[in-house]
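The values are calculated or read from the model by the stated rules, or taken from the named source; none is laboratory data. Only a predicted model underlies this, so the values are computations on that prediction, with no experimental measurement involved. Ideal geometry is used to build each Cβ from the backbone, glycine not excepted, and the neighbour counts take in all protein chains shown.
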Amino acid sequence: MALWFSASAVIPALDAEFHLAGFQKALLTSSVQAGFVVGTLISALGGFADRYDPRRLFSVTAVVGALATALVPLMDPQTHWISLPRFITGACMAGVYPVGMKLATTWANRDMGLLVGLLVGALTLGSASPHLFTAFGGLDWRTTLYIAAISSLVGAVLINFTHLGPHAIRSARFEPRFVWAAWRTKSLRLANFGYLGHMWELYAMWAWIGIFIQSSLESTMSASHTAVIAKALTFLTIGIGAVGCLLGGYIADRAGRTTVTMWAMAISGSCALLIGFVYGGNPTALSAICLIWGFSVVADSAQFSASIAELSEHNLVGTMLTVQTCGGFLLTLVSIHLMPIFIENLGWHFAFAPLALGPFLGVLAMAQLSRHPDAVKLANGNR
């Protein structure tokens, strides 16, 4: 997953060297999201995860994604053509993230929230890793991308040493009519609405928080220290979400999925509203809110997928997860590209505030789900 934000992590360096426009910066992330949406649809329509060994599918797509990422340093970042290898990377991630999630669920035994949380935690840590790479002094942005590519190649090898769990089943082959089950079934609809609210905020925050942190610190610290500290804080802000995923999964299996998701979205939405008030201010206060936001913004992510798996008909779990991820990542294209507009018109003090709308609406959806009769299927009856 180091491939996902490998280009986004080096945006400050790219901007300093090439003076990229706001749209171009957003494109480095949104093209991955678009590729992921297309990749998940192609995978579902072709039944790839069912026709082929998922570990082999994971391995092959991780290799192709690594090669696509290694092409980026060879291209001119000022051209829109650079979005092509990023798009390919996103499409390849469709063979890594959903497939990995499916592998994790085959081992679930009354702990689905924790297992899926473990996988999303790995996704989070992998997504944060390019920011850690760039934090090392003297590391060129091209080197960061190459390290991310090498990381993916390592993952492509390691996945072949895993095994399918005892609950491995063949998912239903995708048919267009199955999609409507995600809308017709009220409990699924509410879980998906909660997920959409979560996704409206998550990737826009991950894509832009590093630029926000660097801009804020530049007004309070000397230039010689700002870059390294900003990159390290960005890594910690995103990476701490891995702890949130694990803790959220552990608690959700015992206290309930709707409880965890509502609390996580309430906290992260509040951080989206508050973060602008510490812009350009005390670095300690900035760090505190960033870490709380990073922890909470993804702590609930796995629980939406676990909810869909538990609420869906047994033979439609794969399809319902595909519909959920496609819709969520499609929405991220909107919020990621709106951020430059928010920054230009609202300034950094209020740029993240519109992201709070998603989690707050998500809280309402999950509150309704908690009262729905189907909620007894969640988290071993813990709703």
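Here is a check on your reading of the model: is V99 in contact with a Pro (Cβ under 6 Å, 6 or more places away or on another chain) and either of a type in the set (K, R) or farther than 26 Å from G327 by Cβ (or both)? Spell out the reasoning first.
Working: in contact with a Pro (Cβ under 6 Å, 6 or more places away or on another chain): yes; either of a type in the set (K, R) or farther than 26 Å from G327 by Cβ (or both): no.
It is false that V99 is in contact with a Pro (Cβ under 6 Å, 6 or more places away or on another chain) and either of a type in the set (K, R) or farther than 26 Å from G327 by Cβ (or both).
Those residues that are farther than 23 Å from I275 by Cβ and among the β-branched types (V, I, T), I need them from region 180-225; list them, please. Result: T185, single match. Annotation: of all residues in region 117-149 being among the hydroxyl-bearing types (S, T, Y) and modelled with pLDDT under 80, the one that is nearest to L236 (Cα to Cα) is S129. Considering only residues that are under 18 Å from V37 (Cα atoms) and either at pLDDT 90 or above or aromatic (F, W, Y) (or both), look in region 70-91 and name the one that is surrounded by the most Cβ atoms within 10 Å (Cβ to Cβ). Checking each candidate, the answer is T89. Among the residues of region 362-383, those identified as crowded, with 18+ Cβ neighbours inside 10 Å and either of a type in the set (F, W, Y) or assigned to a helix (DSSP H, G or I) (or both) are G362, V363, A365, M366, L369, A375, A379. Considering only residues of region 60-79 that are of a type outside the set (A, V, I, L, M) and within 20 Å of the chain's Cα centre (by Cα), which is farthest from C92 (Cα to Cα)? Among residues in region 60-79 that are of a type outside the set (A, V, I, L, M) and within 20 Å of the chain's Cα centre (by Cα), the one farthest from C92 (Cα to Cα) is T69.
Consider region 45-55. How many of its residues are out of contact with any helix residue (DSSP H, G or I) (no Cβ under 8 Å at 6 or more places or on another chain) and at pLDDT 85 or above? Steps first, please.
Filtering region 45-55 down to residues out of contact with any helix residue (DSSP H, G or I) (no Cβ under 8 Å at 6 or more places or on another chain) leaves 45-47, 51-53.
With the extra rule that they be at pLDDT 85 or above, the set shrinks to none.
Residues meeting the conditions: 0.
Looking at the structure I just gave you, is R86 closer than 18 Å to I147 by Cβ and of a type in the set (D, E, K, R)? Against the criterion (closer than 18 Å to I147 by Cβ and of a type in the set (D, E, K, R)), R86 qualifies.
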